[in-house]
1. Compute the FRET efficiency between Lys362 and Lys495 as 1/(1 + (r/R0)^6), taking r as their Cβ-Cβ distance and R0 = 45 Å, and round to the nearest 0.05.
2. Output needed for segment 346-495: three equivalent-ellipsoid semi-axes, defined as square roots of 5 times the C-alpha gyration tensor eigenvalues, in descending order, whole Å.
3. Got the relative contact order for segment 362-434 handy, in percent, Cα pairs under 8 Å and 6 or more residues apart?
4. Which GluC sites (Glu not before Pro) does segment 135-186 hold that lie in a coil by DSSP with at most 16 other beta carbons within 10 Å?
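Derivation of every value follows stated rules applied to the coordinates shown; laboratory data play no part. Note that this is a predicted model, so its numbers are computed, not measured. Neighbour counts run over all protein chains shown; Cβ positions are idealised from the backbone, glycine included.
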Amino acid sequence: MKPIKHFRRVGSRMPLRFTIWLYFVLFTVAVCVLIWIFQIFFFEKFYERMRIHSTADSMEHIAEVYNSCDREKHYSSAMEIIADEELKEKLYNTVIETGDAENLCVEVVDKYGREIMKMHVMGECLIHDRGISGGMILSEIDDSEDGVIKWKKKHPRSGSEMLIYGCTLGNSSDPDGYLLVNAALVPVGATVKIIKRQLMTITIILIIIAFVISLYLSKRISAPIGRITKSAEILAKGDFNTKFDGRGYLEVKKLADTLTYAEKELSKVDTMQRDLIANVSHDLRTPLTMLKAYAEMIRDLSGDNPVKRNEHLEIIISETDRLALLVNDMLDLSKLESGKQKLNPTEFGISSKLGEIMDRFKGLSEKNGYQIHFTPDEERIVCCDVVKIEQVIYNLINNAINYTGEDKQIFVRQINTDDGVIIEVEDTGDGIEEDKIKLIFDKYYRSENHKREVVGTGLGLSIVKAVLKMHNYDYGVRSTLGKGSTFWFKISNVKK
């Protein structure tokens with residue numbers, strides 16, 4: 001067997017080890033870049049957006065608590081609710097908890113602007129600043145369409161950004177009072193500088209760690225594949241004793257097991273190829289030698305002797321037929337295995353067909369003393385390629401003739417089943433060893449358990465296998481040493 005062509009294209013791909021290392025480092029760099037972008041460039045916008053949402057949610061929460069109190073007891077003003085100690089405590093707790101949690105200044109006033117409840121948590125607060133008119137804020141709330149204002153203003157003295165939110169309490173057309181909320185937008189420039197320094201340190205540390213870990217992982221992951229690649233290169237050179245080391249990972253073990261199986265199959269193919277060449281050479285050399293020898297005898301010795309000449313010509317014709325049979329079997333098997341031959345299914349009676357085949361073997365039985373016993377079953381109409389199924393039956397009977405015992409008994413049986421027809425061909429030979437049964441359908445395999453000269457090309461059972469596989473029929477062999485073998489196949493396309 002010629003060595004398999006080298007399968008690696010050097011330079012067409014990056015090494016696995018480098019690829020794993022590169023991807024790992026690139027992933028780490030990408031993560032660091034994303035962190036930088038979101039924490040540095042968008043930090044202030046995120047902070048402001050979150051502050052705006054949280055302040056609006058806080059105002060709506062406090063207003064909802066007030067409105068729920070109003071719905072429960074139908075108070076006509078905020079002052080009446082405040083007079084109710086239970087509800088006052090509920091509203092007060094809500095204001096305190098919300099303002100403390102979100103760092104807000106909160107004030108509740110009645111419809112005349114008189115303070116009812118407040119929470120002051122910031123030193124600078126627009127709604128509690130004495131220099132700022134609260135009436136202006138209330139009038140803006142009254143002028144708004146939905147009774148809500150959301151401002152972003154700078155403190156007139158400190159210049160700090162402030163969020164001023166306000167809404168009516170109760171009915172917006174005739175409010176019971178007003179809720180004012182003030183939140184400061186703290187400058188985040190100093191915070192961003194601190195984060196930058198931290199991120200710089202973290203980025204450097206992450207890249208170093210990623211570099212080291214990726215080197216380790218790439219080496220660890222690529223090492224088993226590297227070992228298998230080296231073994232595969234040895235196998236490609238024709239060494240079928242190569243060992244594949246599958247340690248490391250489950251996928252690598254599966255790959256090693258697959259290559260080990262492929263190695264065994266290649267070894268079988270190599271052995272079969274050598275046997276094929278040896279058998280074909282032998283089968284061709286013998287008849288060719290005889291053809292040449294008898295042709296020379298006719299030329300030199302028996303040309304003028306009609307009796308001898310006819311004997312020699314008969315031998316030449318017989319050997320020519322043998323050569324033609326070998327070539328035809330090789331061509332048939334090649335076409336079957338390549339898929340070039342197509343099935344031509346037709347309907348016919350299997351019992352009648354078996355009877356016809358038995359009649360054709362009567363001449364051989366009478367001439368050489370073989371007894372072919374046929375046991376038919378009820379007629380069944382089957383649908384398959386009649387020519388190829390005939391070839392299967394012929395080959396099985398010829399195989400039985402070659403390997404049957406000294407009694408020269410052969411048994412052919414038709415067994416009808418619910419889902420098909422089983423055809424069996426049994427001989428009385430020495431049988432086949434159990435470990436050889438799986439080889440019996442291989443090309444040119446011949447059992448050693450025979451006592452007479454085997455006639456044939458060694459391809460008969462291979463043709464049987466190929467034809468039955470094309471039909472998708474089950475087939476097999478049962479054998480007992482010293483008692484004989486039974487080859488069978490099942491026709492499943494039966495007309496009911």
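1. That pair, Lys362 with Lys495, gives E of 0.95.
2. On the way: eigenvalues 114, 64, 37 Å².
Calculated on Cα positions only, the semi-axes equal 24, 18, 14 Å.
3. Numbers: 88 pairs, mean separation 24.4, N = 73.
Relative CO of segment 362-434 lands at 33 percent.
4. Working: sites: Glu140, Glu145, Glu161; in loops: Glu145.
Those satisfying the criteria are Glu145.
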